[in-house]
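See structure below.
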Amino acid sequence: MSAPPNLIGMLPSELEDLAVELGASRYRGRQLATWIYRKSVYALDAMSDLPKDFRSALSDNRTVTLPDVARVTPSLDGSRKLVFRLEDDSRVSAVIMPDDDRITLCLSTQVGCGYACAFCLTGTMGLERNLTAGEIVGQLLAANALLAGEGQRVTHLVFMGMGEPLANFAALVKAVRIFTDAKLGLGYSPRRITVSTVGLVSGIEKLGREDLKVNLAVSLHASSDDVRSQLMPVNKSWNLSALMEAVRKYPLTHRQRVFFEYVMLDGVNDDVEDARRLARLLRGVKAKVNLIPFNDWEGSTFQRPPLPRILAFQSVLLDADITTTVRWSKGEDIGAACGQLREPVPA
Ligand code: SF4
C-alpha cells in the first residue's frame with residue numbers, strides 16, 4: 001500500500017486550498033505552512049494552534065514526512081554526504097559543504113540521470129525517475145534538521161547533485177518557490193540558490209521566463225562543439241552557439257553572473273588553445289568560470305591534468321578578464337564530488 005500524500009513539497013497556496021477542502025479556513029493552511037516550513041515542525045500533534053478536528057482530518061489522509069536518511073558519510077574536508085532512502089527504495093544524495101561563513105547544500109533532482117556525460121559516474125546509471133517536489137524539499141529540511149542540532153542551518157543551495165534539474169522542471173520550480181517564499185516558505189534569497197544545467201536550451205529559456213531570479217550555472221566542459229559533443233551527448237541537440245544564445249538572454253540582475261562549470265580532463269579539454277577559445281566564447285557575457293579538476297572514479301578513462309596545465313588554463317582566462325577559480329571538489333573521498341553521486345540500489 002502506498003503512503004498517503006506528503007504535505008512536504010506542497011506550496012503554501014496549495015496548503016491553503018487543502019485547508020478549505022477539509023472544511024477549514026485558508027488561514028489554517030497558512031498556519032500549517034508556517035509550522036512545516038518556518039518552524040520545522042513535522043508532527044501534526046505538535047501543531048498546537050491548529051484545531052483538533054483539522055489536525056485529525058489531516059492525519060486521516062495526509063502525512064508530514066521527511067525523507068529517510070539512510071546514511072551520513074563525513075568527509076575529511078568537512079563536507080557530509082546524506083544518502084536518502086526514498087519511498088520506492090531508490091537512493092539519492094545531498095551533500096552539505098561548509099565553507100567559511102556559508103553552508104551550501106547540493107541537492108539532487110532525479111534518481112540517476114539520462115544525459116550520459118562521458119566523465120560522469122551518475123550518468124552511467126541512466127535516468128530512473130524524476131524526484132517529486134516533496135523529495136527535493138525534503139532533502140533541505142532533513143539537512144537543516146541535522147544541522148539544527150549543531151546550531152546551524154544551510155545558507156546556500158545548489159542544484160548540482162544527481163540528475164539534470166531542468167529536465168524535472170515543474171518539481172524544480174515548485175521547490176524553488178517553497179525555498180524562496182519569504183512569508184510562508186523557507187525564506188531563502190534567490191541569490192543564494194543556483195540551478196545548474198547540462199545545457200538544456202529550452203529549459204534555460206523556460207527558467208528565465210519563470211523570473212525566479214536564481215543563479216544559473218552551465219556545465220560547459222569544452223569550448224568546441226567537436227569536443228563537447230564527445231563529452232556531452234546533449235551538445236548534439238543544442239550546440240554551443242544555441243547554448244550561448246540562450247545564456248545571453250537569461251535575465252540577470254545587476255550583480256549576477258552566469259557560472260560556467262568546466263571539468264578539466266587531461267589531454268582532452270585542458271590546452272591553452274581550449275582556454276583561448278573559451279575566452280572568445282564568453283566574450284560579452286557576465287561570466288564566472290569554475291575549473292573543476294576531474295575527480296577520478298573506478299572505471300573512468302579520464303584523468304586529472306597536472307597542476308601546471310590547470311594553472312596555465314586559468315591564467316589565459318584571467319588575462320581575458322574572466323573571473324576564474326579552480327574548484328577542488330569537496331567530498332572527493334566519500335564519492336560526493338561533482339559527477340560522483342551514485343548510489344547502489346539494493347536488490
Ligand atoms: S554531469 Fe550532470 S547532466 Fe551529465 S550525466 Fe552527470 S549528472 Fe547528468
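Among LEU58, LEU281, what is the fewest-to-most ranking by other Cβ atoms within 10 Å?
LEU281, LEU58
Testing the spin-label approximation: label points 7 Å from Cα along Cα→Cβ at ARG327 and ASP89. State their distance in nm.
3.5 nm
What Kirkwood radius, in Å to one decimal, follows from the Cα pairs of region 68-334?
Values: mean 1/r = 0.0528 Å⁻¹.
For region 68-334, the Kirkwood estimate is 18.9 Å.
Picking from LEU216, LEU131, PRO308, whose Cα lies most toward the positive end of the charge dipole for the chain (charges on Cβ: Lys, Arg +1; Asp, Glu -1)?
So the residue furthest toward the plus end is LEU216.
Taking square-rooted eigenvalues a ≥ b ≥ c of the alpha carbon gyration tensor, is region 12-166 rounded, prolate or oblate, where a/c under 1.5 means rounded and, failing that, a/b exceeding b/c means prolate?
Since a/c reaches 1.5 and a/b is larger than b/c, the shape of region 12-166 is classed as prolate.
What number do you get for region 113-152 when its Cα radius of gyration is normalised by 2.2 N^0.38 Å, N = residues?
Values: Rg = 14.7 Å, N = 40, 2.2 N^0.38 = 8.9 Å.
Against the compact-globule rule of thumb, the ratio is 1.65.
What is the dipole size for the chain, taken about its Cα centre, with +1 at each Lys and Arg Cβ and -1 at each Asp and Glu Cβ, in debye to the nearest 20?
The calculation lands at about 1020 debye.
Under the rule of -39500 (n - 2.57) per DSSP H run of 4 or more residues, summed and divided by the residues of the chain, what mean residue ellipticity at 222 nm is obtained, to the nearest 500 deg cm²/dmol?
Helix-only estimate at 222 nm: -9000 deg cm²/dmol.
In the chain, which longest range has no GluC sites (Glu not before Pro) that are both DSSP loop (not H, G, I, E or B) and surrounded by at most 11 other Cβ atoms within 10 Å? Walk me through the numbers on the way to the answer.
On the way: sites that count: GLU150, GLU298.
The answer is 1-149.
With the cut-off at 28 Å, tell me which of the pairs LYS81/LYS206; LYS183/LYS249; LYS39/LYS286; LYS236/LYS286 have Cα atoms farther apart than that.
Values: LYS81/LYS206 31 Å; LYS183/LYS249 30 Å; LYS39/LYS286 38 Å; LYS236/LYS286 25 Å.
Violating the 28 Å Cα-Cα cut-off are LYS81/LYS206; LYS183/LYS249; LYS39/LYS286.
Provide ARG283, ARG28, ARG55 in ascending order of the number of other Cβ atoms located within 10 Å of each residue's Cβ, fewest first.
Ordered from fewest to most neighbouring Cβ atoms within 10 Å, ARG283, ARG28, ARG55 come out as ARG283, ARG55, ARG28.
Once you sort the root eigenvalues of the Cα gyration tensor of region 12-61 as a ≥ b ≥ c, which label holds: rounded (a/c under 1.5), prolate (a/b larger than b/c) or oblate (the other case)?
oblate
Where does each of TYR42, TYR37, TYR27 land when they are ranked from fewest to most other beta-carbon atoms within 10 angstrom?
With the fewest neighbours first, TYR42, TYR37, TYR27 line up as TYR27, TYR42, TYR37.
Rounded to the nearest Å, what's the spacing between the alpha carbon centres of region 174-213 and region 120-149? Just the number, please.
16 Å
Given Cα pairs under 8 Å that are at least 6 residues apart, what percent is the relative contact order of region 12-61? Let's see the in-between values first.
Numbers: 42 pairs, mean separation 15.4, N = 50.
That works out to 31 percent.
Would you mind counting up the charge near VAL176? Only other residues with Cβ under 13 Å from its Cβ, with Lys and Arg at +1 and Asp and Glu at -1.
Summing Lys and Arg as +1 and Asp and Glu as -1 gives +3.
Any read-out appearing in this document is the output of simple, stated calculations on the displayed coordinates, not a laboratory observation. This structure is a prediction, so every number in the text was calculated from the model and none was measured. In this analysis, Cβ positions are derived from the backbone assuming ideal geometry, glycine residues included, and neighbour counts consider all displayed protein chains.
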